[in-house]
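Just below is one structure, and these are the notes that go with it.
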Amino acid sequence: MDLEHVRAQFPSLALGTAHFDGPGGSQVPSVVAQAVADAMTSGLCQRGALSATERRTDAVVAGARQAVADLVGGDAGGVVFGRSMTQLTFDLARTLSAGWGPGDEVVVTRLDHDADIRPWVIAAERAGATVRWLGFDPVTTELDDIAPLLSERTRLVAVTAASNLFGTRPDVAAVAAQAHAVGALVHLDAVHLAPHAPVDLAATGADFLVLSPYKLFGPHLGALVADPALLEGLRPDKLLPSSDAVPERFELGTLPYELLAGVTAAVDFIASLVPGEGPRRERVLASMAAVEEHEAGLLRRLLDGLADLDGVTVHGRAARRTPTVLFTVAGHSPRDVHAHLGAQDVNAPSGHFYAVEASRHAGLGDTGGVRVGLAAYSSPDDVDRLLTGLRSLLG
Ligand SMILES: Cc1ncc(COP(=O)(O)O)c(C=O)c1O
């Protein structure tokens, strides 16, 4: 991966900001913005097969479903688009919980973003089902053993593929295997993992996988991926005249076609990060492996640099992780550190980032810490600017 070539494709990087805020939303390459703009003026309206306009619109939707399928190794017929991962998860929780009742159980983790917790907790409470909480080691941030929480009453396990607060990557395949052994479904939040590593839906073992294209160089929307046969058996709330086909059955109202064109461009952009030939899925895997390697190198530089700074505490030391680091600085609130760095055009935001259960469980309350997220476009110079900024704070 040629870092300078990659960076040159992001117009916003020319503004000079060192972006460590990728876990909140990545910067966008011009090919994605151009694809969104082009779609808006390319003669789209409603989908169908009877006119060129209808066929063009249909092709935009089909193209985006195939792009997301190629990104995660899924089936394009099982890709559902929605406003956000949060909205898709609330919708799915409502649909699945229609079949739950007293005696049924749902497992959520304290490591997850609230978008993979609260929809399940609310749905379980409405259905009279019981919520079982899976904790994690507050120091290492590794998930606890799920086995004691599982029984033949478990209907669903919701788990994260990577913590957006600490970067922890739980062994989701092991969790999924144990969940399946008792007949439970597995909902995997891959929002934070997908920008940092190759994702293979089958290897994760998940029944449902959710991600947010705006975290991986794309526009603001969410996607859910599942086996179409599983979706066939579910009955979400829908309008009477809207399509009952899968995956359309799960999509409320007219899709944002221009954003879908941007999703396809984002996946094509990822596939192009490492020059190569062959099917897009293979190029995505090669590119994401290169991104992982690039980010791992910068992560070492970052962690070594932070370790040299007196008063800086890094939270979490998971064996497998994304390059997302949470830290606090003795004598300075996370907000003050955030502001100090922001004044130097170094974006390292502070808070719990909606992983509020995780922040509380790790002893960081609702204040959280300062989050530094590396991305494919991050550079050694960015990391050095962050460390210089921290040194100037520490005096
Ligand atoms: C790990 C994780 N899950 C879920 C979400 C929610 O995604 P969305 O904004 O698409 O609802 C986020 C957003 O920050 C996230 O980081």
Revision key, fill the gap. In whole percents, the bins of 10 Å from zero upward hold the Cα-Cα pairs of the chain as 5, 23, 31, 25, 13, 3, 0
Practice item. Taking just the C-alpha trace of segment 155-239, give me its Rg and Dmax in Å. Key: 13.4, 40
Point to revise | Cα centroid separation, segment 189-241 to segment 110-172 (Å) | key: 18
Practice item. Distance between Cα centroids, segment 345-377 to segment 311-333: provide it in whole Å. Key: 9
Point to revise | Peptides ranked, highest mean first, by Cβ atoms within 10 Å: ranges 82-88, 107-113, 241-247, 299-305 | key: 107-113, 82-88, 299-305, 241-247
Review point. Considering only the chain, what is the antiparallel percent among its DSSP beta bridges, to the nearest 5?
Key: 50
Study note, to complete from the structure: Comparing H361, H19, H332 in a Gaussian network model of the chain (Cα, 10 Å), the one with the largest mean-square fluctuation is H332
Practice item. Arrange the peptides 344-354, 137-147, 216-226 so that the one whose residues have, on average, the most other Cβ atoms within 10 Å appears first. Key: 216-226, 344-354, 137-147
Review point. Roughly how big is the chain's charge dipole about its Cα centre, with Cβ charges of +1 (Lys, Arg) and -1 (Asp, Glu), in debye to the nearest 20?
Key: 480
Check your understanding: Quick one: which of 320-327, 52-59 comes out on top by average Cβ neighbours within 10 Å, and what's the full order, highest first?
Key -> 320-327, 52-59
Check your understanding: Counting every Cα pair in segment 1-143, what percent are over 19 Å apart?
Key -> 72
**Study point:** Cα lying deepest toward the dipole's positive end in segment 319-395, options L374, A339, G363, charges on Cβ
**Key:** G363
Practice item. Give me the number: length gained by fully extending D200 to D244, i.e. 0.36 nm times residue separation minus the C-alpha to C-alpha distance, one decimal in nm. Key: 13.0 nm
Exercise for review: Pull out the extension gain between D310 and R360, defined as 0.36 nm times the separation in residues minus the alpha carbon to alpha carbon distance; nm, one decimal.
Suggested key: 15.6 nm
Study note, to complete from the structure: One checks the Cα atoms of segment 215-295 and finds Rg and Dmax, in Å, of 16.3, 49
Point to revise | Kirkwood Rh, Cα atoms: Rg over Rh of segment 9-62 | key: 1.21
Exercise for review: Compute the distance in nm between two label points, each set 7 Å from the Cα along the Cα-to-Cβ direction, one at R126 and one at A290.
Suggested key: 4.6
Revision key, fill the gap. Convex hull around the C-alpha positions of segment 23-95: the volume in Å³ per residue is 135
Study note, to complete from the structure: Given backbone amide H placed at 1.01 Å from N, residues whose amide H is under 5 Å from that of N164, ignoring those fewer than 5 places away on the same chain, are H113
Point to revise | Axial C-alpha extent at least 27 Å, average Kyte-Doolittle at least -0.5 - helices from the chain (DSSP) | key: 52-72, 280-307
Check your understanding: Binning every alpha carbon pair distance of segment 92-161 at 10 Å from zero, what are the percents per bin?
Key -> 22, 53, 22, 3
Point to revise | Exposure proxy order (Cβ contacts within 10 Å, fewest to most) of R280, R317, R169 | key: R317, R280, R169
Revision key, fill the gap. Once Lys and Arg are counted +1 and Asp and Glu -1 for all other residues with Cβ under 14 Å from that of V28, the total becomes -1
Check your understanding: How big is the convex hull of the Cα atoms of segment 292-393, per residue, in Å³?
Key -> 100
Review point. Can you give the Rg and Dmax of segment 349-394 based on its C-alpha atoms, in angstrom?
Key: 13.2, 34
Review point. HN-Hα J couplings of segment 349-363 from phi, Karplus 6.51/-1.76/1.60, θ = phi - 60°, integer Hz, Gly and Pro as x?
Key: x, 10, x, 9, 6, 6, 8, 6, 5, 5, 4, 5, 5, 7, x
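Where a number appears in this text, it was derived from the coordinates with a stated rule and is not lab data. Everything quoted here is computed from the prediction, not taken from an experiment. Cβ sites come from the backbone with ideal geometry, for glycine too, and all protein chains shown count toward neighbours.
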